[in-house]
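K.L.:
First, the structure itself, so that you have it in front of you.
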Amino acid sequence: MKFKLLYFGDILTNPKKRAQHIADIRMQFHPQLKRLVDFKPWNHLSQFMLPDATKSPIITKHIGGIDWNPIISPNLKMIAELDILLMHPEIVGMPHSDIDNRVKTILDGLRCPQNEHEIGQNTPRDIGPIYTLLDDDHLVTKLTVNTSHLLSPDIIPNNAPMTPDSVFMLIDVNVRVTEGTVENLPFLA
């Protein structure tokens, strides 16, 4: 099963307020993932997610007073393969394009926080469950990253200012089932 996620914003490699930076990234993915579960077969996941869970195993995690609904969970025997297209304003191959630390920041933004300290001060607590792609980044079994120069800043939403840390990113997500169960049957197609 495949779908795509989009992101535009800064990907900082070593921010002073790391938890908040990761939270800001998570919140760009949240509405996309929340919308995903409105469609088949992804709507099947809502049975295992709070607030309306009706079946076990519950995949929602409760951390720091917030419910987190991961799309890919070990409880449902699911893993992910990610193909990331990372476009940035700098020329490819320049020293500023620190790809390994950017990828770590991206993966942290795709997963649930693991403890209260990873949540971020400005994370909204009154919007209901927050959707993330991954329960944890160990569920990524294949990762491909292609970088390229962003030639047209005109595609940037709301004419947001471009900085050297700005990226436009397209993530192709391929969800795979590691072991067929009754719970993950809709994802075996």
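K.L.:
Of all residues in the stretch 51-83, which are free of Cβ contacts under 8 Å to residues at least 12 places away in the same chain and in contact with a Lys or Arg (Cβ under 7 Å, 6 or more places away or on another chain)?
P.N.:
none
K.L.:
Report the residue count in the stretch 118-173 for those that are part of a strand (DSSP E or B) and either out of contact with any His (no Cβ under 6 Å at 6 or more places or on another chain) or modelled with pLDDT of 90 or more (or both).
P.N.:
Adding up the residues that qualify gives 22.
K.L.:
Ok, one more. Given Lys34, Lys4, Lys55, which one is at pLDDT 95 or above and over 20 Å from Thr123 (Cβ atoms)?
P.N.:
Lys4
K.L.:
Still on this structure, please answer the following. Considering only residues that are in contact (Cβ under 8 Å) with a residue 24 or more places away in the chain and among the acidic types (Asp, Glu), which ones fall in the stretch 19-50?
P.N.:
Of everything in the stretch 19-50, just one residue is in contact (Cβ under 8 Å) with a residue 24 or more places away in the chain and among the acidic types (Asp, Glu), namely Asp24.
K.L.:
Let me ask you something else. Within the stretch 107-124, can one find any residue that is surrounded by fewer than 19 Cβ atoms within 10 Å (Cβ to Cβ) and of a type in the set (Val, Ile, Thr)?
P.N.:
no
K.L.:
May I ask you to list pairs of residues, at least six apart or on different chains, whose Cβ atoms are under 6 Å apart, with the first in the stretch 107-120 being free of Cβ contacts under 8 Å to residues at least 60 places away in the same chain and the second being assigned to a loop (DSSP other than H, G, I, E, B) and surrounded by fewer than 19 Cβ atoms within 10 Å (Cβ to Cβ)?
P.N.:
As it stands, the answer is Arg111/Asp136; Glu116/Gly64, since those pairs meet every condition given.
The values are calculated or read from the model by the stated rules, or taken from the named source; none is laboratory data. Only a predicted model underlies this, so the values are computations on that prediction, with no experimental measurement involved. Backbone-built Cβ (ideal geometry, glycine too); neighbour counts: all protein chains shown.
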